[in-house]
1. Restricting to segment 103-120, and then to whatever is over 18 Å from Ala153 (Cα atoms) and aromatic (Phe, Trp, Tyr), can you tell me which residue is surrounded by the fewest Cβ atoms within 10 Å (Cβ to Cβ)?
2. Tell me, which strands (runs of 3 or more DSSP E) wholly within segment 105-210 include 3 or more residues that are modelled with pLDDT under 95?
3. Starting from segment 184-210, keep only residues that are touching a residue at least 24 places away in the same chain (Cβ under 8 Å), then list their pairs with residues that are within 8 Å of the ligand (Cβ to nearest atom) and aromatic (Phe, Trp, Tyr) whose Cβ atoms are within a distance under 9 Å, requiring at least 6 positions of separation or different chains.
4. Report yes if Ser77 is more than 15 Å from the ligand (Cβ to nearest atom), touching a residue at least 12 places away in the same chain (Cβ under 8 Å) and of a type in the set (Ser, Thr, Tyr), otherwise no.
5. Identify the residue in segment 121-139 that is surrounded by fewer than 22 Cβ atoms within 10 Å (Cβ to Cβ) and closer than 13 Å to Ala164 by Cβ and, among all such residues, is farthest from the ligand (Cβ to nearest atom).
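The values are calculated or read from the model by the stated rules, or taken from the named source; none is laboratory data. Note that this is a predicted model, so its numbers are computed, not measured. Cβ placement follows ideal geometry from the backbone for every residue including glycine, while neighbour counts extend to all protein chains displayed.
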Amino acid sequence: MSEHLTIVDHPLVQHKLTLMREKNTSTAVFRQLLREISQLLAYEVTRGLPMTTKKIETPMTEMDAPTLDGKKLALISILRAGNGLLDGVLELIPSARVGFVGLYRDEETLQPVQYYFKVPDALEDRLVIAVDPMLATGNSSVAAIDLLKKAGAKNIRFLCLLAAPEGVATMRAAHPDVPIVTAALDEKLNEVGYIMPGLGDAGDRMFGTK
Ligand code: URA
């Protein structure tokens, strides 16, 4: 993947995203749309995966057929909203290994602090896809990717649903080697770090909390 930022402008993605943005969309529908859209985004974020061939027999003849090469890829959910994207991606890539990174923001320093970290082994040999629906300030995404690199990851992609220009810039400055795939690049962040026009708090909307 050569572009730093890929916006998936497929009509189905854009249509589903509009439904998700609407404030009256229910939790159940929001969750279902997120599952569907994350499969479509997974299709894009896995573009260009290394391939090999293997000999198979069709009912007609033998052939050298294309198959994915290398170690199983690692999906890393950035808690908690990342779990909403994870489900759909896993449906498309059921054999992927899964990890979780939990970070919270220290109210005094405003810096992300790790509270949970559990990832698959041999990260250095896997394509690692970190998932978090909202790339807002980018601070927690940068911190999560710092941790993944410290754990050995070398080939990382970042998948989100919405990105703010501020978050993309922060990620580009800290991790220019990590391509970002998103359904939309919104206008800006508001004064409390929410994406505008956005869709509100992604975690609250997918889990029905407030
Ligand atoms: N996280 C969210 O859930 N929503 C935003 O708009 C920004 C960060």
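1. Selected residue: Tyr115.
2. Details: elements: 112-118, 127-131, 155-159, 180-182.
Fully inside segment 105-210 and qualifying: 112-118.
3. Sorted first by the residue in segment 184-210, then by its partner, the pairs are Gly200/Tyr194.
4. Values: more than 15 Å from the ligand (Cβ to nearest atom): no; touching a residue at least 12 places away in the same chain (Cβ under 8 Å): yes; of a type in the set (Ser, Thr, Tyr): yes.
Considered against the rule, which asks whether it is more than 15 Å from the ligand (Cβ to nearest atom), touching a residue at least 12 places away in the same chain (Cβ under 8 Å) and of a type in the set (Ser, Thr, Tyr), Ser77 comes out as no.
5. Restricting to residues being surrounded by fewer than 22 Cβ atoms within 10 Å (Cβ to Cβ) and closer than 13 Å to Ala164 by Cβ, the top hit is Asn139.
Okay, residues lined up against (1) under 12 Å from the mean Cα position of the chain (by Cα); (2) of a type outside the set (Asp, Glu):
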| residue | (1), (2) |
| --- | --- |
| Gln39 | yes, yes |
| Ala42 | yes, yes |
| Pro66 | no, yes |
| Glu108 | no, no |
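Yes or no, residue by residue, for (1) acidic (Asp, Glu); (2) in contact with a strand residue (DSSP E or B) (Cβ under 8 Å, 6 or more places away or on another chain); (3) without any contact (Cβ under 8 Å) to a residue 12 or more places away in the chain:
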site	(1), (2), (3)
Arg97	no, yes, no
Asp106	yes, yes, yes
Gln111	no, yes, no
Gln114	no, yes, no
Asp121	yes, no, yes
Leu135	no, yes, no
Gly138	no, no, no
Ile145	no, yes, no
Leu162	no, yes, no
